[in-house]
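First up is the structure itself, then whatever we jot down about it.
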Amino acid sequence: MTFYDDIYPFYPLQRTAFIISGRLLAIILVFLMLAVGLLLILPGIRGKTRVFWMLRIMISLFIGVVIVALNFTNSWAEARMTTNVTYKSFSNAVIQAEVGLHVGLYGINVTLRGNPIVQFNETINYNEMFSWHDIAEEEYEQALIKGLPNPILYIVEKFTLSSPCGMIFQYSYSGRFASATLWTAFCCWILSNILFFLPDIVYAGYMTMATAAFIFFSMASFSTIKNVPRCVFSIGEDSFVTEYSHSFWLALATGVLCTIIGFFVVMLYFLMPEKVKAAFSLRFDSYEDEDEDKSCPEGYLNSVFLNGEMHLPLTPKVTPVS
């Protein structure tokens with residue numbers, strides 16, 4: 001408490017907890033606008049094909065937005081616990097709070113939420129984000145300067161270069177490879193959508209299975225963090241270790257979905273190619289032939305012109321009368 005607290009214009013700075021990544025929000029809004037734009041063309045599609053096209057659009061956009069969003073989520077692995085812990089440095093104040101660690105491909109989120117949320121006349125609700133390329137030096141120093149609570153500083157220190165745990169090497173490298181394979185899966189997803197509009201639809205099925213394969217590669221890359229000795233986080237009297245979280249299982253579900261779609265497209269193409277092409281509106285040649293037959297009615301041919309023989313009738317010569 002200082003002499004200028006609660007006195008205009010020296011109100012204390014209002015701190016708000018981090019809620020959602022701006023990049024993640026932008027990705028969701030872009031795909032929502034794309035979905036709305038594609039759904040606007042559905043009234044122009046006739047018959048039962050309209051339902052099939054709607055399912056294609058929604059499933060395809062779901063796969064695309066998941067692949068892109070997984071790069072920016074912070075819930076590939078996480079751990080949390082509720083314990084009694086020292087709140088800040090140079091203070092004996094002990095609070096009861098829930099401490100959480102959320103690991104993404106580009107960094108971590110550390111949360112601290114009081115239980116109750118207001119203790120010692122202060123709202124204890126922190127959600128601090130730290131990226132891999134800055135966490136070693138700059139962001140950790142900034143956290144020390146801001147005077148963040150001890151639990152947050154303790155967890156972040158485990159991910160610095162000076163930490164004996166070396167967790168930053170385990171998580172940052174696995175996250176970079178996982179992100180690279182996810183972007184490759186996104187490129188395969190774009191190619192599969194293009195190939196679905198070409199006559200040889202079997203290649204679209206192959207590319208969909210390739211999308212699933214790269215999603216599984218990203219999961220395998222991130223899973224390498226389990227192959228090295230993990231550092232235990234001891235906060236207060238309790239400890240925790242990270243486990244797989246929502247984003248990891250969502251990636252698994254999306255990969256399985258792509259595998260099923262690609263397998264069925266390839267299988268049905270070899271079993272009943274004409275019906276598959278008709279379902280995806282790819283029978284352009286047959287439709288054009290039918291339209292030409294309908295537009296040209298049946299006619300009668302002149303055999304004289306076809307045989308090249310043409311005989312003109314003879315007319316008697318008339319002499320003029322003088």
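Summary of values
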item: Percent carbon-and-sulfur accessible area, the range 165-276, ignoring ligands, DNA and RNA, probe 1.4 Å; result: 74 percent
item: Pairwise centroid distance, computed over Cα atoms, of the range 114-175 with the range 27-44, Å; result: 39 Å
item: Area of VAL118 that stays accessible when all protein chains are in place (1.4 Å probe, Å², to 10); result: 80 Å²
item: Two-site FRET efficiency, PHE62 against ILE41, from Cβ-Cβ distance with R₀ of 22 Å, rounded to 0.05; result: 0.75
item: Cβ-derived FRET efficiency at R0 22 Å, ALA253 paired with LYS226, nearest 0.05; result: 0.65
item: Pairwise FRET efficiency - ILE260 versus SER162, Cβ, R0 = 56 Å, nearest 0.05; result: 0.75
item: Sequence of THR123, THR211, THR111, THR184 when ordered by accessible area, the most exposed leading, probe 1.4 angstrom; result: THR123, THR184, THR111, THR211
item: Added length on full extension, which subtracts the Cα-Cα distance from 0.36 nm per residue, THR82 to ILE145; result: 20.1 nm
item: Rounded accessible area per residue of the range 57-179, 1.4 Å, Å²; result: 44 Å²
item: Residue-span extension gain [ALA278 to THR123] - 0.36 nm each, minus C-alpha spacing; result: 49.6 nm
item: Apportionment of accessible area to carbon and sulfur, the range 39-87, percent (1.4 Å); result: 68 percent
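The values are calculated or read from the model by the stated rules, or taken from the named source; none is laboratory data. Just so you know, these numbers come straight off a predicted model, no measurement behind them. For neighbour counting, all protein chains shown are included, and Cβ atoms are generated from backbone atoms with ideal geometry for every residue, glycine included. Side chains are part of the model used for accessible areas, which takes the heavy atoms of the whole protein and leaves out ligands, DNA and RNA. Shrake-Rupley method; radii C 1.70, N 1.55, O 1.52, S 1.80 Å.
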